[in-house]
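In what follows, a single structure is set out as C-alpha cells and then discussed.
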Amino acid sequence: MSQPETSFTSIDYRPLLQRLERKGIVEPTRVQAEAIDTILDGADAIVSAPTGSGKTLAFLLPILQSLLESPRRRALRALVLTPTRELARQIVGEARELCDRDSVNVIALTGGDHKQTQMEHLTGAEFLVATPGRLAEYVAGGLVDVSEVEFLVVDEADRTLDMGFADQVTQIALSCPTQRQTLLFSATLAGSDVQGFVEALTDPDKRQTIHVEGEPEHRSQEKILVDDPAHAARLLPELLAGRNFERAIVFANKRDRAEALHKALVAAGLDALVLHGDVEAKARKQVHQRFAKGQTKILVATDLAARGLDVAGVDLVVNAELPYSVPGFIHRAGRTGRMGRAGAVVSLVSAQSWNRMASIERYLGGSAAVVAVPGCEASYKGPKKTKSSGKAVVAKKNRSKADKKKSDKDTDKPKTKQRLRDRKNIGKRRKPAAKE
C-alpha cells in the first residue's frame, strides 16, 4: 500500500499520516515544520508563534509518534498543561482523532468535574492534558504519579503565567523526572516573567528557541471611537447588524460587562451567546458546541472564558473593551484570520483607552483604520495633540490666581531649619521662680 501524500516528512508513523490526510491536512504550517524536527531531535523547545498558527499539532504529532513507536502501558508518559478546561478538552479531542484510544489512552483532568469520575478515568492514562490547579492538587495528594513522564508541555505559557499558575506548574515540573523533554508554547515570549519561567523549566544545554512571525496581512485592524460604556452598548448591535460575517466574538474585560453587552444584543433582536467565569461547566460546553456548529453567530466572552476556543470560521473579533496589555490583544486577535484566512479586528476606543490602543498600534507597526457606524458617531474625536508614540498629550493644569498668590506667600516665609533635638519630647521645664 502506498504512503499517503504529505509534506510531513519527519512523521513516518503511517497511521498518523493517514489520519492527517483524512482531516485534509497535507502541508505543515511554518511552526509545525520547524517545531516537529526540533522535538523529535530531543531538544527542549521554546516555541513562540501566533494564535491559530497550528501550535497544537506541532507538539501532538511528534509526541504521539514517539509514544506509538515505543508502546509502554500503564504509565503516564506525556503531560500537557494548559490554562483552561476548554483548551484542555480541545487538545484531547485532537489527540484522540489522531490515534485510537486502544493505542494511546488520552485523558483530560480539569477543574469543575467530579473528582471520583476523574479518578476512574485516570486509571491507565498515558497522555494527560490538565489544568495546573487541579493537577497540582492531585500530585500533592499522591493521586497522580508523574514520575515516568517523558514529555512535559506547557501550552499558552504566557497566559498560564498571567492567570497565576506559575507556582503550580513549577511544583508539577519538580515532581517529573529531570531527564524529561520540556516544551513551552506561547503566542509571545515577551516579558521577564516568561523568560524566568523558561529558564526554570528547561535544560540550557538542550534548549532551542523557535520564533515564527504572524501574517498580519490576513487580518485587518479597525477602531471606532466611543464616548463611554453606554454609548458602546448602543453602538455594538448596529455594528454587528451592518457587518457580513460567519462568526463573531465580542470581548469584554469583566463578566458584568459581558452580561450587559449580551443583553443589549438580545434586546436588539440579535441571536447571541455569553461565556464568562460564572457560567457552569455543562452550560459552557453547550455554548461552545452551539457556537462551533454555527447555530449562533455571535459570542460575547471574557478573555478567560474564550481562552480555549478554537473555532473555525471566526472572521470578526470586536474589542468592546480593550484588553489591559498588548499580549492580551494578540490573543484576542488570534481568534480570527487563522491559517491564512481573512479576518477583521474592530476595537472600540474611548478617551480612557486611547493610550492603550496607541501602545497596541505601535507594537503592530501601524495604525488601525478609523471607521464609524452611521447614526452612532461619538462626540469624542480623539486627543487634540499626540506624542510621537501616538499617545495623548496631557494638558498641564492652569493654577488659579488664588493658588498662585498662596504659593507666592509661602515662598516669602523664611525657612527655619528643623533639628531632631528640637522635635524630641524633653518633658516639662520648670518655670523660673518669680523675684520678690
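Descriptive notes on the structure:
- Enumeration of residues in region 355-377 that are of a type in the set (A, V, I, L, M, F, W, C), out of contact with any Ser or Thr (no Cβ under 7 Å at 6 or more places or on another chain) and surrounded by fewer than 20 Cβ atoms within 10 Å (Cβ to Cβ): 364, 369, 370, 371, 372, 376
- Qualifying residue in region 50-63 (condition: farther than 14 Å from residue 183 by Cα, outside any helix (DSSP H, G or I) and hydroxyl-bearing (Ser, Thr, Tyr)): yes
- Where residue 223 falls short, out of the listed (1) surrounded by fewer than 17 Cβ atoms within 10 Å (Cβ to Cβ); (2) within 25 Å of residue 360 (Cα to Cα): (1)
- Residue selected from region 173-183 under the condition out of contact with any helix residue (DSSP H, G or I) (no Cβ under 6 Å at 6 or more places or on another chain) and in contact (Cβ under 8 Å) with a residue 24 or more places away in the chain, by the criterion surrounded by the most Cβ atoms within 10 Å (Cβ to Cβ): 181
- Residue count for region 106-144, restricted to those that are assigned to a helix (DSSP H, G or I) and within 27 Å of residue 283 (Cβ to Cβ): 15
- Lone qualifier among 225, 183, 201, 189 - being within 30 Å of residue 77 (Cα to Cα) and in contact with a Phe, Trp or Tyr (Cβ under 8 Å, 6 or more places away or on another chain): 183
- Selection from region 326-364 of residues that are assigned to a loop (DSSP other than H, G, I, E, B) and in contact (Cβ under 8 Å) with a residue 12 or more places away in the chain: 334, 335, 336, 337, 341, 342, 350, 351, 353
- All positions within region 293-306 that are assigned to a helix (DSSP H, G or I) and small (Gly, Ala, Ser): 305, 306
- Enumeration of residues in region 160-187 that are over 23 Å from residue 57 (Cα atoms), within 17 Å of the chain's Cα centre (by Cα) and assigned to a helix (DSSP H, G or I): 162, 166
- Of the residues examined, residue 254 is not one that is at pLDDT 95 or above, out of contact with any Cys (no Cβ under 9 Å at 6 or more places or on another chain) and in the same structural domain as residue 294 (by TED's automatic domain parsing).
- Residue 33 assigned to a helix (DSSP H, G or I), surrounded by fewer than 21 Cβ atoms within 10 Å (Cβ to Cβ) and assigned by TED's automatic domain parsing to the domain that holds residue 119: yes
- Restricted to region 36-49, and to residues there that are outside any helix (DSSP H, G or I) and acidic (Asp, Glu), the residue that is farthest from residue 336 (Cα to Cα) is 41.
- Selection count where residues are in contact (Cβ under 8 Å) with a residue 60 or more places away in the chain and part of a loop (DSSP other than H, G, I, E, B), scope region 64-96: 6
- Checking residue 355 against (1) modelled with pLDDT of 80 or more; (2) closer than 16 Å to residue 221 by Cα; (3) of a type outside the set (Lys, Arg), the condition it does not meet: (2)
- One residue stands out among those in region 261-286 that are surrounded by fewer than 19 Cβ atoms within 10 Å (Cβ to Cβ) and either closer than 27 Å to residue 111 by Cα or in the same structural domain as residue 88 (by TED's automatic domain parsing) (or both): the one that is modelled with the highest pLDDT, which is 286.
The values are calculated or read from the model by the stated rules, or taken from the named source; none is laboratory data. Note that the structure is predicted; figures quoted are calculated from it, not measured. No Cβ is skipped: glycine too gets one built from the backbone with ideal geometry, and neighbour counts run over all protein chains shown.
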